[in-house]
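None of the figures in this text is laboratory data; all of them are computed from the coordinates on show. No experiment lies behind these values; they were computed from the predicted model shown. Neighbour counts run over all protein chains shown; Cβ positions are idealised from the backbone, glycine included.
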Amino acid sequence: MATDDKTQANQQWGGRFSESTDAFVQAFTASSDFDRRFYRQDIMGSRAHAKMLHKVGVLSESDLDAILGGLDDIEQEIANGEFVWSIALEDVHMNIEARLTEKIGDAGKRLHTGRSRNDQVATDIRLYMRDAISAIQAELDRLMRGMLTLASRHTQAIMPGFTHLQTAQPVTFGHHVMAWFEMMMRDAGRLRDCATRMDVMPLGAAALAGTSYPIDRQLTCELLQFASPAENSLDAVSDRDFSIEFCAAGAILMTHLSRISEELVLWSSAQFDFISLPDRFCTGSSIMPQKKNPDVPELVRGKTGRVNGHVISLLTLMKSQPLAYNKDNQEDKEPLFDTVDTLLGSLRAFADMMPAIEIKAQNMRDAAFKGFSTATDLADYLVRKGVAFRDAHEVVGKAVKLGVDTERDLSEIPLEELQAFSDKIGDDVFDFLTLEGSVASRNHLGGTAPSQVSLAIQRAYTRLDALQ
Ligand code: ARG
């Protein structure tokens, strides 16, 4: 898009000033380079405001027609890249209004009646964020469905479950993926909550105190499809909670993607060798021919930092602001936009990649087998035979030591040798010492048994459908 950055006296407030704004200050205070991103929302807000002014008798029919026609043309000019943006006109609002007046004359000058850029910008960002959040929710939904596809393929596959990144107990791969799904469901809930709380309409607050015109805020609210008009004019123009809340929800979501990324990076290493990421999500090395690097998860893990930073930027931006609007607020947009872009990009990459992940089931199973992951099952078995848990813990500890010393898994130690540790051990013990027996025994809601994972997946589809 064209930009005309020549210094010029600002028409919007020229009357009060005896010299033009300093050229550097003009560029320094301008926001049109980034707030032009929500020009559609700005025009949408202006249409609603003009229709309302007409309805209450402040704007004539012919002025309204001229304004609506002019705004349609301007929207087209911007979309086609023909609009000339001017830094002297500071922001998206004044660029559009000046162009309107240039096109339709005096009617353009009447559009701003009963309105201020303060309630205008507060409205525009909310309209923009409404669309941004629903685009993010659509990608999140795609990712969650990808997780369900991956989990349903592998309800039976056994891998080591970890605590402290040490082999703990066997779990099914499907169960692990469903843990990721739960994180994403909470993120979807947080985004929905944020969208709901944001759904109030600031227009009518004007600069800060409201306006002396007989405006109909309910009408503007309906035209813009907000849930309700903001209750308090001072709060309406100064509130940026929704920006903070959105970035905070985004930071938690990115943190989840980062944790998943960390697992994908570890698991695709030669040392774990649990999964293979499709080549199209990886890159090679310019020097080491053998390398296939998991760039997508690494980059998503890295991008988490910027979103976490944006939360701090916004909190710091707001913390010392007295009511009502302050120019500081102009600084809310770039962190917000970058959070939207980062979430959309990261979710898109993950949604594409998730169902294409291939697992190396034998390697996973071998790893679970190596780590004495059924030790707890032997202890639980002894408890069921009447041994107190602490005593059972002791017995199993000795059996594990024997296994370590003689390089055998618990399930490979013959019955007589096990019985030396406790006479409560019978030959049914092997039903519980196998990996399959161990996971199958965790057969309750939320457990890792393959049958439970299948049920969890079924419920997950219903829960996802209910989110729509
Ligand atoms: N560009 C400004 C912003 O982003 C619009 C509101 C300006 N209002 C004002 N009184 N200077 O916050």
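Hey, can you list the DSSP H helices of the chain whose Cα span along the axis is 20 Å or longer and whose average Kyte-Doolittle score is at least 0.0?
Numbers: long enough: 39-55 (24 Å, -1.00); 61-79 (27 Å, -0.06); 117-153 (54 Å, -0.22); 173-198 (38 Å, -0.24); 241-267 (39 Å, 0.82); 295-318 (35 Å, 0.28); 333-353 (30 Å, 0.19); 389-406 (25 Å, -0.03); 450-467 (26 Å, 0.04).
Correct list, ordered by number: 241-267, 295-318, 333-353, 450-467.
Might you report the magnitude of the Cβ-based charge dipole of region 311-398 about its Cα centre, with Lys and Arg at +1 and Asp and Glu at -1, to the nearest 20 debye?
Magnitude of the dipole: close to 520 debye.
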Check: So what is the relative contact order of region 270-364, in percent, for Cα pairs below 8 Å that sit 6 or more residues apart?
Finding: 45
Note to self: Debye calculation, C-alpha points only, no solvent: report log10 I(q)/I(0) for region 227-266 at q = 0.14, 0.15, 0.22 Å⁻¹, in the same order as the q values.
What the structure shows: -0.51, -0.54, -0.74
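What's the magnitude of the charge dipole for the chain around its Cα centre, counting Lys and Arg as +1 and Asp and Glu as -1 at the beta-carbon? Answer in Debye, nearest 20. Walk me through the numbers before you get to the answer.
Values: 49 positive and 67 negative charges, 89 e Å.
Computed about the Cα centre, the dipole is about 420 debye.
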Checklist line | Over region 209-358: Kirkwood hydrodynamic radius from C-alpha pairwise inverse distances, Å | finding: 18.5
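List the relative contact order of the chain as a percent without decimals, with contacts defined as Cα pairs under 8 Å and 6+ residues apart.
Values: 657 pairs, mean separation 77.7, N = 468.
About 17 percent, as a whole number.
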Checklist line | Highest to lowest packing among 100-108, 381-389, scored as the average C-beta count within 10 Å | finding: 100-108, 381-389
Checklist line | Taking I74, I287 and counting other C-beta atoms within 10 Å, the order from fewest to most | finding: I287, I74
Notebook entry, point to check: Using mean Cβ contacts within 10 Å as the protection proxy, how do 113-124, 191-202 order, highest first?
Noted result: 113-124, 191-202
Check: Which value in Å does the Kirkwood hydrodynamic radius of region 309-461 take, with 1/r averaged over all unlike C-alpha pairs and then inverted?
Finding: 20.5
Item checked: Separation between Cα centres of region 40-98 and region 155-194, rounded to whole Å -> 49
Checklist line | Farthest toward positive dipole pole in the chain [+1 Lys/Arg, -1 Asp/Glu at C-beta], among I425, A179, V25 | finding: I425
Next item on the list: For the chain, restrict the atom set to alpha-carbon positions and state the Rg and Dmax in Å.
Entry: 30.7, 101
